Structures are given as structure tokens and as C-alpha cells.
Amino acid sequence: MVILSKLADYGVIVATHMAVFPDRQMTAAAVAEATQLPQATVAKLLKAMAHAGLVTATRGAAGGYRLARGAKSISVAEVVAAIDGDIGLTQCSVHVDECARTTYCPTRPHWTAINRAVGQALAAVSLDAMITPAVFAPRAARTATPEADGPRYSA
């Protein structure tokens, strides 16, 4: 099983929340409340995303954070990289010097291609796509049907 770090997962949640309100400047406290994540964690994530140029920060009483670019031009891969660094499924594929088997490992050359494929898959998904509920839903779930549990989305 391949799992993103909890911080990267939370970073995508924070960035996606900000994508819903692109013109709104938000404090870390407001984002934390809206996403139900710890405020210290949200502040850490926003700082990392600001350092990566994904959000802009404004100081002062009316300060806060907002996306630096439109949600269509920020990918999930960028958010993950801002939090976790380079995308790599194995420790040796990111930190080559830390692996004693580098010179003779038969699988090592293939991890570069696998990492690139995963990175491309994450890069193909924008924050805008993350706020569109029907994008990843199975086709049957996207057909318009009046139901008591809420609206359905048509393809």
C-alpha cells in the first residue's frame, strides 16, 4: 500500500478548501476551523505552501493566506511536493546516498520510472478538479436521480 504522509494529505485538504474560496483571504485559524484540522498543523502547512509559492501571505489585522494562482493551475503533485518534498515510493529512489544496495539492486533503475508515473498522475489532478465532486465518482453515481440524500451530478 502506498500512502501519502498525513501532512501531505492535510495539505491537500487545506489547499482544496482554499480553492473553494479563491478570492477570500483566510487566516490559519479560519482554515483550521473549516477543515477541522489542528490550527498549529494548518499554520505549518500554510507556511510550507507559501515557501513553495502556492499560497501568498499577507501580514496585519486583515492578513491571511490565499492561493497564489488559480485552482486549475495548481496540481496535487505541487501541494504534496511542498509538504513532503520529492515524490518517491521508496526511500532509495529519493535518498540514493542512504541505500547500501544502490550499486547492485536489480529494482532500483525501475523506481525512477514508477516515481515519474505517480508524479505525472498527481500532476494531472488540479485543485479545481478536487473541488468538483463528480470528477472521480463512478459513472453510475453521476447520473441525475432525485433522492432524499442530496443531489447527484450528471456527467
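The values are calculated or read from the model by the stated rules, or taken from the named source; none is laboratory data. Computed from a predicted model, the values in this text were never measured in an experiment. With ideal geometry, Cβ positions are generated from the backbone for all residues, glycine too; neighbour counts draw on all protein chains shown.
Checked against (1) under 22 Å from Val118 (Cα atoms); (2) at pLDDT 95 or above; (3) out of contact with any Pro (no Cβ under 7 Å at 6 or more places or on another chain), Ile3 passes all but condition (2).
Taking the criterion of being under 21 Å from Met130 (Cβ atoms) and among the small types (Gly, Ala, Ser), the residues of the range 23-51 that qualify are Ala28, Ala30, Ala32, Ala34, Ala48, Ala50.
Residue-wise test of (1) under 23 Å from Ala77 (Cα atoms); (2) of a type outside the set (Ser, Thr, Tyr); (3) assigned to a helix (DSSP H, G or I).
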residue	(1), (2), (3)
Ile3	yes, yes, no
Asp9	yes, yes, yes
Ile13	yes, yes, yes
Thr16	yes, no, yes
Ala19	yes, yes, yes
Glu33	no, yes, yes
Met49	yes, yes, yes
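Can you spot a residue in the range 137-152 that is surrounded by 15 or more Cβ atoms within 10 Å (Cβ to Cβ), at pLDDT below 90 and assigned to a loop (DSSP other than H, G, I, E, B)? Yes, some residue in the range 137-152 is surrounded by 15 or more Cβ atoms within 10 Å (Cβ to Cβ), at pLDDT below 90 and assigned to a loop (DSSP other than H, G, I, E, B). For beta carbons closer than 6 Å, sequence separation of 6+ or different chains, a first residue in the range 73-88 that is farther than 11 Å from Leu4 by Cα and a second that is assigned to a strand (DSSP E or B), the qualifying pairs are Ser75/Ser126.
When the residues of the range 77-112 are filtered to those that are hydroxyl-bearing (Ser, Thr, Tyr) and over 25 Å from the mean Cα position of the chain (by Cα), the one that is modelled with the highest pLDDT is Thr107.
In summary, Ala57 fulfils each of the numbered conditions (1) more than 27 Å from Ile3 (Cα to Cα); (2) among the hydrophobic types (A, V, I, L, M, F, W, C); (3) in contact with a helix residue (DSSP H, G or I) (Cβ under 7 Å, 6 or more places away or on another chain); (4) assigned to a loop (DSSP other than H, G, I, E, B) with the single exception of condition (4). In the range 1-32, the qualifying residues are those that are touching a residue at least 60 places away in the same chain (Cβ under 8 Å), surrounded by fewer than 15 Cβ atoms within 10 Å (Cβ to Cβ) and of a type in the set (Val, Ile, Thr), and the one that is nearest to Thr90 (Cα to Cα) is Val2. Restricting attention to the range 52-63, the residues that are over 17 Å from Ile131 (Cβ atoms) and at pLDDT 95 or above total 3.
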